[in-house]
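Report on the structure given below.
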Ligand SMILES: [Zn+2]
């Protein structure tokens, strides 16, 4: 039935649990997403396989997934609750999404609706209790994540340390020269034994690696890790670059790996740390480039009050994601009256590769692949 009271259906859905409702209504979402809410899976709408953490997942922070039923795809957008998720997935309007969930819960008439309202009232305290338990668990988990981040960071060494050879070999293989620039040692360091787990939580081994501090407005949020071998190659793990889990009361949006003064008149940004350092190397270290870690964070980059111009050094991805993020950032900046310019890598994407970035330009073309400084900031 259309035009059911959304609040009645929403409360009934909370009691039943959005997890079981959505699993029954949405066979197009991979079961693995339900097994562990928060795990990334292939997006059920745009379909491309996940790339370095991209893709679809259910939301399970602050509010439990079973209670809200929300999800997010890094490409398609954020769907804060089960109704919004169904509207997107089934291409239906709000009233139809409510009717669909109502039908699944056996609420199909005004009589059903009244009966359900009574049940909702009776079960309110049970729901409150469940929410308190979730919040208690989350508080404990946040405490653990904080101490784990501090622990990892306390075990790091500067990249100049004798033991940091794997990091220096890796950076040399990427033709990066500026890793010892002033201030870098406080933000980017070496860890001799980083434990790696894949997305299913399976232990993959311990590896040396580079650890970078992600901050937002000067406040540390999390750590980004690059897993390597002793010889300075990418470690043989599912994903050799991973962000550490961080407490749910911290916000990473708008953050990045910030070395030096972010609030300059002209600011350069890009996605990855190697890309930033490759651009600095290619531009004879005359500019600072701030990596935001990934496309989603690039999109949400927020400059300081003194910035008048942002140069966005984009990744060229076959999926178009890098350019899309750069365009979105440019649009946001122009809205604020800040000039923005997008720099695309001059190389084509090689057959079989998923993307090309400014680090590839440095490796293949050297400094010749980079614009003259005058042109870059004119
Ligand atoms: Zn999607």
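Condition check for residue 28 on (1) free of Cβ contacts under 8 Å to residues at least 24 places away in the same chain; (2) within 16 Å of the ligand (Cβ to nearest atom): one failure, at (1).
Total residues in the stretch 237-254 satisfying the condition of being more than 13 Å from the chain's Cα centre (by Cα) and more than 15 Å from residue 203 (Cα to Cα): the figure is 4. Within the stretch 4-14, does at least one residue satisfy the condition of being in the same structural domain as residue 97 (by TED's automatic domain parsing), within 16 Å of the ligand (Cβ to nearest atom) and not in a loop (DSSP other than H, G, I, E, B)? There is no residue in the stretch 4-14 that is in the same structural domain as residue 97 (by TED's automatic domain parsing), within 16 Å of the ligand (Cβ to nearest atom) and not in a loop (DSSP other than H, G, I, E, B). For the stretch 324-352, the tally of residues that are assigned to a loop (DSSP other than H, G, I, E, B) and either surrounded by fewer than 13 Cβ atoms within 10 Å (Cβ to Cβ) or on the phi > 0 side of the Ramachandran plot (or both) stands at 6.
Residues that are without any contact (Cβ under 8 Å) to a residue 60 or more places away in the chain, in contact with a helix residue (DSSP H, G or I) (Cβ under 9 Å, 6 or more places away or on another chain) and part of a loop (DSSP other than H, G, I, E, B) within the stretch 242-289 comprise 250, 252, 253, 254, 255, 288, listed in sequence order.
Residue count for the stretch 45-72 under the criterion of being within 16 Å of the chain's Cα centre (by Cα), within 15 Å of the ligand (Cβ to nearest atom) and at pLDDT 90 or above: the result is 6.
Does residue 87 satisfy the criteria of being free of Cβ contacts under 8 Å to residues at least 12 places away in the same chain, surrounded by fewer than 20 Cβ atoms within 10 Å (Cβ to Cβ) and within 16 Å of the ligand (Cβ to nearest atom)? In short, yes.
Could you please find all residues in the stretch 177-217 being in a helix (DSSP H, G or I) and closer than 17 Å to residue 150 by Cβ? Hit for the stretch 177-217 is 186, nothing else.
Can you pull out the residues in the stretch 156-166 that are over 24 Å from the mean Cα position of the chain (by Cα) and not in a strand (DSSP E or B)?
Of everything in the stretch 156-166, those that are over 24 Å from the mean Cα position of the chain (by Cα) and not in a strand (DSSP E or B) turn out to be 158, 159, 160, 161, 162, 163, 164, 165, 166.
Taking the numbered list (1) in a helix (DSSP H, G or I); (2) touching a helix residue (DSSP H, G or I) at 6+ places or on another chain (Cβ under 6 Å); (3) in contact (Cβ under 8 Å) with a residue 40 or more places away in the chain in turn, residue 138 passes all entries but (2).
The values are calculated or read from the model by the stated rules, or taken from the named source; none is laboratory data. Predicted model, so just to flag it, every value in this text is computed and none were measured. As a convention, Cβ positions derive from the backbone with ideal geometry for all residues, glycine included, and neighbour counts pool all protein chains shown.
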